[in-house]
Protein chains: 2
Amino acid sequence: MNAIDLEAVYRKYIDCLNERDWENLGQFVHEEVQHNGRPLGIGGYRSMLENDSEQIPDLWFKVELLVVQATWVACRLRFDVTPKGDFLGVAVNGRRVTFCENVFYGFDDGKIRDVRSVIDKSAIEAQLED
Amino acid sequence: MNAIDLEAVYRKYIDCLNERDWENLGQFVHEEVQHNGRPLGIGGYRSMLENDSEQIPDLWFKVELLVVQATWVACRLRFDVTPKGDFLGVAVNGRRVTFCENVFYGFDDGKIRDVRSVIDKSAIEAQLED
């Protein structure tokens, strides 16, 4: 699978998340997916995403940057959202925040298996200081 | 400049940081470099790095993952360090912490011009809770 194919698969995965199309998540995510070293499996990964969508009703994944090489996709995602309560331990409580997630996805058999993500907590805190 | 060349330039940039070789920073960093949207210029960028090295005497940049495409490098850097005082607003005070930075570098004329970085503050906080 070349870089263009992997980019296409990844963009369909993002569409799947934005459509809350959990039934089709397995088309893009490996059974044995890990997230920051935790072996969630696709069930745990789906639960994490469903919980995020519950806590952030207007959750929308926007691709800001995409870098693809061999079996890796690196993406800078931008969010402009209103989490209901706490998010990453920050009391957002329905205020609007914008922040990025820089995340690497290792693919295996054309599916996401190894996710290494960092979310910009400092940016969220800075916006709520005002 | 192809992906292999860009990777080589990037790895030399990391060596330059690890050697505190500030005099040669301009070989890798563009005069008009931006960091997370702030137009630091190379002078401000160097000051930021010198300050980081002062606050974290054992600062060492270790490349965990590297993804290169066209004019972009995406890197997951791992740190295993002992910041002297506060770091990202967290009172680390000489304790040892390990954490990642997921960062994108946009190159222009073979030099780093657009840095978009996220550091894993949540991971640092979690280690200091014990």
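Where a number appears in this text, it was derived from the coordinates with a stated rule and is not lab data. Here the structure is a predicted model, which is why all the values come from computation and not from measurement. Don't worry about glycine lacking a Cβ; one is built from the backbone with ideal geometry, like all the others, and counts go over all protein chains shown.
Filter the cross-link list A:K84/B:K62; B:K62/B:K121; A:K111/B:K62; A:K12/B:K12 down to pairs whose alpha-carbon distance in this structure exceeds 29 Å. Checking Cα-Cα distances, A:K84/B:K62; A:K12/B:K12 exceed 29 Å. Ranked from shortest, the separations from the 7 Å Cα-to-Cβ label point of A:R96 to its equivalents in the other copies are 4.6 nm.
In this simple spin-label approximation, A:Q55 and B:N36 carry label points 7 Å from Cα along the Cα→Cβ vector, and these lie 2.1 nm apart. Ranked from shortest, the separations from the 7 Å Cα-to-Cβ label point of A:E64 to its equivalents in the other copies are 2.0 nm. In this label model, A:I4 and B:A70 are separated by 1.3 nm, measuring between points 7 Å along each Cα→Cβ vector.
So which chymotrypsin sites (Phe, Trp or Tyr not before Pro) in the range B:14-88 pass both tests, a DSSP loop state and at most 14 other Cβ atoms within 10 Å of the Cβ? If you can, show how the numbers build up before the last one.
On the way: sites: B:W22, B:F28, B:Y45, B:W60, B:F61, B:W72, B:F79, B:F87; in loops: B:F28, B:W60, B:F61.
Taking the range B:14-88 and a limit of 14 other Cβ atoms within 10 Å, the loop chymotrypsin sites (Phe, Trp or Tyr not before Pro) found are B:W60.
Give, to the nearest whole percent, the P(r) tail of the range A:3-128 beyond 21 angstrom, counting all Cα pairs.
On the way: 3018 of 7875 pairs.
The share of Cα pairs beyond 21 Å in the range A:3-128 comes to 38 percent.
Sequence-ordered 3J(HN,Hα) estimates for the range B:110-120 from the Karplus curve with 6.51, -1.76 and 1.60 and θ = phi - 60° stand at x, 10, 5, 10, 9, 9, 10, 10, 9, 9, 7 Hz, glycine and proline given as x.
Taking label positions 7 Å along the Cα-Cβ direction at both B:A91 and A:V63, the computed distance is 4.5 nm, reported to one decimal.
Only bridges whose two residues both fall in the range A:3-128 count here: according to DSSP, what percent of them are antiparallel, nearest 5? Here the share of antiparallel DSSP bridges comes out near 90 percent. A point 7 Å from Cα along Cα→Cβ stands in for B:E50, and the other copies hold the same point at 5.5 nm, listed in rising order. All alpha carbon pair distances within the protein assembly as shown were sorted into 5 Å bins beginning at 0; the resulting P(r) in whole percents reads 1, 6, 12, 16, 19, 17, 14, 10, 5, 1, 0, 0.
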